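Enquirer: I'd like to ask you about the structure that follows.
The values are calculated or read from the model by the stated rules, or taken from the named source; none is laboratory data. Quick caveat: nothing in here was measured; it's all calculated off a predicted structure. Here the Cβ positions follow ideal geometry from the backbone for every residue, glycine too, while neighbour counts run over all protein chains shown.
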Amino acid sequence: MTIAEVLQLADRLVFEGTGKHLDDLQQVVIQGVWQGKSYSQIGEECHRSESRVRDVGYRLWQILSEQLGEDINKNNFRSTIERLFINSSFINLFNHKNHHHIFNFCSPISEQPQQQPDIENKVDSISCYEDLGIAPKINLFYGRNEELKIIYDWIFLQKARLISVLGLSGIGKTTLVKRFVDLNSKSFDVLMWKSLKFPQPLNLLLTEIFKDFSLGNDSVNLNEETWRKFFNILRQKKCLIVLDDVQNIFTEKQFAGKYQSEYRDYKTFLKMMTEIEHQSCLILVSQEKSQEMKSLNEELYPIKVLELTGLYETELLKNQGLENPESWSTLIKLYEGNPLYLQNIADLIKDVFQGDVLSFVEQDELILTEDLKDIFNSLFDKLSNVEQKIIVEMTQQNQ
Ligand SMILES: Nc1ncnc2c1ncn2[C@@H]1O[C@H](COP(=O)(O)OP(=O)(O)OP(=O)(O)O)[C@@H](O)[C@H]1O
Ligand SMILES: [Mg+2]
């Protein structure tokens, strides 16, 4: 934290508590204490008596304690501010009463024009930015109108800041979200599609994002400075960031939603996305749900979860060289409306049954292609021991 930021923060807090901005002496006291000086040293430097400086300090700690709900004194002032501000980032302070506006770093207080970050100008110069990374191109899209409308309402009407789209592999999560992006791209200043198909630690992901914004090529550290820059962007621009394949940062062989140790920062990140005020939205696309994706109180937190179920649209099977359209809906039910499974099965029916869907469904058993077996095996491998046992047990019940 720069001293200008500390003064700015203190000024906002004192203003909230007393209706007055910091005066010169108060500023000098805060600056001196922040730099570890004694009251007598500060007094000497500004030609005031030590007792006068001590009185000013005493009153300041009273006001700050009240505003922050923590006991603040000369000795713990710096460490408390750093703890509240840096370690748990902005979260504690943003939780505290109505301090959403404290960290509007872009409007420097008049007394401290120096050392203000030039981020504001840079962010302003980002007019429209689109990087769809490795997002798939959607050629065919059926149904899901209800889901598209839900996401639209969440983002534009309810101002959700974190949306998770969850569901089984192949159910159509990526396709749905990409379709939403295609339909609504004009409504965002910034569009970013990041994939965790090959997962990377959060600081590398942020480094990429900063590079995209031309905010420097150096690799970033996850410190207060970085988060400030990041949330400044999200505040000033309406950004939509999609993070696909989020399940890859969770631990296999454990119950859902446990972060692998090198990806734990994502947990903090998700929390910050919802707790800090801004006008942007992060959409997570994942097969697994984590604690941060759920909201205990939907009224209070701008968090939404959309769990995708099967797609029961017979159009899915059109133009695939299949016959007997009257049995298509039976086939779709058999594979629980999973478009990926259905594509696989359609190929099999074409090859082995010459496209005769009726004879296939009359087999009256669940036939799996090698590709589907691979998918199920890899899903099964990721389950915890208990979950695997339950599944094995269930297969023996013959129900
Ligand atoms: N609404 C849809 N209309 C047409 N095809 C769809 C639709 N949804 C999904 N599909 C097709 O189903 C396949 C799987 O969809 P998608 O990749 O979106 O699944 P996913 O849920 O993201 O799976 P994973 O978790 O494995 O990434 C894709 O080939 C896609 O083209
Ligand atoms: Mg996907």
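Enquirer: Suppose the filter is of a type outside the set (S, T, Y) and assigned by TED's automatic domain parsing to the domain that holds N223; does K318 pass it? So that I can check it myself, show each step before the final result.
Expert: On the way: of a type outside the set (S, T, Y): yes; assigned by TED's automatic domain parsing to the domain that holds N223: no.
In short, no.
Enquirer: Sort out which residues of segment 239-275 are modelled with pLDDT of 90 or more and within 16 Å of ligand 1 (Cβ to nearest atom), and write them in order of number.
Expert: The answer is V242, L243, D244, D245, V246, Q247, N248, I249, F250.
Enquirer: If you don't mind, there's one more thing I want to ask. Can you name the strands (runs of 3 or more DSSP E) wholly within segment 127-237 that have at least 2 residues being within 12 Å of ligand 1 (Cβ to nearest atom)?
Expert: Values: elements: 129-131, 162-166, 190-195.
Counting at least 2 such residues, we get 162-166.
Enquirer: Quick one: is N248 in the same structural domain as I276 (by TED's automatic domain parsing) and either away from ligand 2 (no atom under 16 Å from the Cβ) or hydroxyl-bearing (S, T, Y) (or both)?
Expert: Numbers: in the same structural domain as I276 (by TED's automatic domain parsing): yes; either away from ligand 2 (no atom under 16 Å from the Cβ) or hydroxyl-bearing (S, T, Y) (or both): no.
Criteria not met by N248.
Results for (1) in the same structural domain as E323 (by TED's automatic domain parsing); (2) without any contact (Cβ under 8 Å) to a residue 60 or more places away in the chain; (3) under 30 Å from P325 (Cα atoms), shown as yes or no for each residue.
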{"site": "V352", "(1), (2), (3)": "yes, yes, yes"}
{"site": "V357", "(1), (2), (3)": "yes, yes, yes"}
{"site": "F360", "(1), (2), (3)": "yes, yes, yes"}
{"site": "L366", "(1), (2), (3)": "yes, yes, yes"}
{"site": "I375", "(1), (2), (3)": "yes, no, yes"}
{"site": "E387", "(1), (2), (3)": "yes, no, no"}
{"site": "I390", "(1), (2), (3)": "yes, yes, no"}
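Enquirer: Still on this structure, please answer the following. Consider segment 238-264. How many of its residues are over 25 Å from F188 (Cα atoms) and in a loop (DSSP other than H, G, I, E, B)?
Expert: Going residue by residue through segment 238-264, those that are over 25 Å from F188 (Cα atoms) are 247-264.
When the remaining residues are screened for being in a loop (DSSP other than H, G, I, E, B), the result is 251-258, 260, 264.
Qualifying residue count, segment 238-264: 10.
Enquirer: State whether one or more residues within segment 345-364 are modelled with pLDDT of 90 or more, among the hydroxyl-bearing types (S, T, Y) and more than 16 Å from ligand 2 (Cβ to nearest atom).
Expert: Yes, segment 345-364 contains a residue that is modelled with pLDDT of 90 or more, among the hydroxyl-bearing types (S, T, Y) and more than 16 Å from ligand 2 (Cβ to nearest atom).
Enquirer: Does G167 satisfy the criteria of being away from ligand 2 (no atom under 14 Å from the Cβ), on the phi > 0 side of the Ramachandran plot and touching a residue at least 12 places away in the same chain (Cβ under 8 Å)? Break it down stepwise before answering.
Expert: On the way: away from ligand 2 (no atom under 14 Å from the Cβ): no; on the phi > 0 side of the Ramachandran plot: yes; touching a residue at least 12 places away in the same chain (Cβ under 8 Å): yes.
It is false that G167 is away from ligand 2 (no atom under 14 Å from the Cβ), on the phi > 0 side of the Ramachandran plot and touching a residue at least 12 places away in the same chain (Cβ under 8 Å).
Enquirer: For segment 214-229, indicate whether the set of residues that are without any contact (Cβ under 8 Å) to a residue 40 or more places away in the chain, surrounded by fewer than 19 Cβ atoms within 10 Å (Cβ to Cβ) and either small (G, A, S) or within 16 Å of ligand 2 (Cβ to nearest atom) (or both) is non-empty.
Expert: The answer is yes; a qualifying residue exists.
Enquirer: Among the residues of segment 328-338, is there at least one that is at pLDDT 90 or above, closer than 27 Å to E387 by Cβ, assigned by TED's automatic domain parsing to the domain that holds K178 and more than 12 Å from ligand 1 (Cβ to nearest atom)?
Expert: No - not one qualifying residue is present in segment 328-338.
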